[in-house]
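The numbers here are math on the coordinates, done by the rules we state, and not lab data. All values derive from a computational prediction rather than experimental measurement. Heads up, the Cβs are rebuilt from the backbone with ideal geometry, glycines too, and the neighbour counts pull from every protein chain shown.
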Amino acid sequence: MEFGSYVRDVRERRLNDDRSYSLRQVAGRVGLEPAYLSKIERDVTAPPSEETIGRLAEDLGEDRDLLLAMAGKVSNDLRQIIIRRAPLFAELLRQLKEAPDHAVLRIAREVRDGDW
């Protein structure tokens, strides 16, 4: 699913339960013109900036990193971490590509809880 279509689906699901998730109201809360948000949702225009995606994620109750990834972007903080050790992170991600979720979580927990 494309970024805009995903955002529209999430917003419309929320709209079913809460009328404050109309296109106009969401656009207003995140600082966009309704017409621009409509173009984003219809995948007519490229996804917005990292900052705007962050505001959309917060307003819609979605994971910021997921929306950024769907938009083909990486947050600035992650970008800096990756740049410092690009070859290592590239190899790690390639190795994890086919790993099941539980294995990835196990590695993350070992890194978090490890005694280095």
Seminar exercise, completed: Counting Lys and Arg as +1 and Asp and Glu as -1 over every other residue whose Cβ sits under 15 Å from the Cβ of ALA46, the net charge comes to -2
For this session: May I ask for log10 I(q)/I(0) of the stretch 1-84 at q = 0.11, 0.12, 0.19, 0.22 Å⁻¹, from a Debye sum over the Cα atoms as equal point scatterers with solvent left out?
Result: -0.28, -0.33, -0.77, -1.01
Seminar exercise, completed: If each K or R counts +1 and each D or E counts -1, the residues other than ARG55 whose Cβ falls under 12 Å of its Cβ total -3
Exercise. Given charges of +1 on the Cβ of Lys and Arg and -1 on the Cβ of Asp and Glu, with all other atoms neutral, how large is the dipole of the chain about its Cα centre, in debye to the nearest 20?
Worked result: 220
Problem set entry | Span per principal axis, largest first, for the Cα atoms of the stretch 56-97 (Å) | 35, 21, 14
